[in-house]
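A short worksheet on the structure shown next.
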Amino acid sequence: MDEKERARGRAEASGPAPSPRSVDERSGSAPLPRSVDDAVALLGSQGYVADASLGTALFLALELGRPLFLEGEAGVGKTELARAVAGALGKPLVRLQCYEGLDMAAAAYEWNFAKQMIHIRAAEHRSLPSAERDVFGEEFIIRRPLLRALDPPGGIAPVLLIDELDRSDEPFEAYLLEVLADFQITIPELGTIRAETPPVVVITSNRTREIHDALKRRCIYHWIDYPTADREMAILASRVPEAPAQLSGQVVGFVRRVREMELFKRPGVAETLDWARALMALDRRVLDRETVNRTLGVLLKYQDDLEQLRRDGGVEEAMAGAEGQS
């Protein structure tokens with residue numbers, strides 16, 4: 001049986017992909033959570049503080065074998081959730097970073113043209129039979145993230161992160177429908193490659209544009225909002241444990257007050273963590289106005305926002321919030 005026949009035989013097997021739980025029980029990966037509380041604890045084992053709503057969405061996505069579609073502002077923990085799931089389950093993380101102009105060659109696969117040409121030249125030189133000169137075998141495929149996730153080299157189904165899908169073009173969404181519905185990719189020269197073990201799929205979007213309903217229907221949807229004060233304190237305690245409780249409370253109070261202002265880009269949890277780490281690097285144990293003014297560039301990333309905060313008394317207002325939280 002030649003390379004193409006093996007690929008087609010493996011890929012075109014009928015029937016749906018096995019359920020994630022049945023596969024998980026046969027693999028060496030960590031067991032999937034069996035309840036919402038287990039899902040929250042799973043993320044917590046990686047330092048990711050999740051509420052019950054997010055834990056429910058993750059549990060259902062894993063239990064039903066559906067992609068988890070996360071939307072929310074930048075920096076609220078969407079990408080980090082995929083990393084946490086991969087770490088907790090002991091699975092590799094395959095990340096597809098989306099961008100405008102992303103196509104199949106960059107996302108799924110492409111043929112190794114240089115290797116094909118070398119093979120053809122060698123075959124001609126040695127007068128090999130035509131069957132041996134076939135350059136459309138699996139050894140000539142360059143595997144991009146989608147194909148690596150569906151047909152992993154090591155046989156361990158990974159966590160597939162399709163990050164910032166809203167940055168890609170709409171035609172790419174249509175291409176993803178086959179991948180997300182049936183966990184398969186069709187390669188005209190080989191056939192349809194279907195995942196023997198479906199990956200765990202996490203899709204993120206910052207909602208710079210709307211994602212089509214046809215794709216969302218295939219997913220478990222969850223909106224990740226800015227955390228409550230208590231949850232953000234718990235996140236700080238988990239990710240920046242060296243920060244004193246008083247400083248953490250002031251940072252959370254300051255950031256929450258800033259988020260209430262009319263800014264171009266409000267700070268996310270990622271900026272809160274970065275700011276707390278920056279304050280610790282400066283050996284600060286409490287917030288003071290001078291340090292705040294010097295380090296605002298860690299928290300805000302646009303000059304207009306910085307000027308507005310300083311010009312309109314925003315720093316004083318946010319400091320009041322910090323002092324009220326300490």
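Sorted fewest first by neighbouring Cβ atoms within 10 angstrom, Tyr48, Tyr175 come out as Tyr175, Tyr48. Return one number: the angle in degrees, 0 to 90 and rounded to the nearest 10, between the long axis of the Cα atoms of helix 314-325 and the longest principal axis of the Cα atoms of the chain. Rounded to the nearest ten degrees, it is 90. Taking every alpha-carbon pair under 8 Å whose residues sit at least 6 apart, the chain reaches a relative contact order of 22 percent.
In straight-distance terms, cross-link reach from Lys216 covers every one of the aspartates and glutamates whose alpha-carbon lies under 16 Å from its own, apart from those fewer than eight places away in the same chain; here that gives Glu71, Asp163, Glu164, Asp166, Asp169, Glu170, Glu173, Glu178, Asp182. Between helix 52-64 and the chain there is an angle of about 10 degrees, using the helix long axis and the longest principal axis of the Cα atoms.
Averaging the sequence gap over all C-alpha pairs within less than 8 Å and six or more residues apart, then dividing by the number of residues, gives region 108-211 a relative contact order of 30 percent. Helix 78-89 and the long axis of the chain differ in direction by around 60°, with both axes built from C-alpha atoms.
Counting only helical runs of four or more DSSP H residues, what would the 222 nm mean residue ellipticity of the chain come to if each run contributes -39,500 (n - 2.57) and the total is spread over all its residues? The helix contribution divided over the chain gives -14500 deg cm²/dmol. Between the entries (1) 28, 46, 22, 5, 0; (2) 31, 59, 10, 0; (3) 30, 50, 14, 4, 1, the label attached to P(r) over Cα pairs in 20 Å bins from 0, in percent calculated for this structure is (1). If a/c stays under 1.5 just call it rounded; otherwise compare a/b with b/c (prolate if a/b is bigger, oblate if not). Do that for region 220-326, with a ≥ b ≥ c from the square roots of the Cα gyration tensor eigenvalues. Because a/c hits 1.5 or more and a/b fails to exceed b/c, region 220-326 counts as oblate. Taking every alpha-carbon pair under 8 Å whose residues sit at least 6 apart, region 31-189 reaches a relative contact order of 25 percent.
None of the figures in this text is laboratory data; all of them are computed from the coordinates on show. Remember, predicted model here, so these are calculated numbers, not experimental data. Using ideal geometry, Cβ is built from the backbone for each residue, glycine included, and neighbour counts are taken over all protein chains shown.
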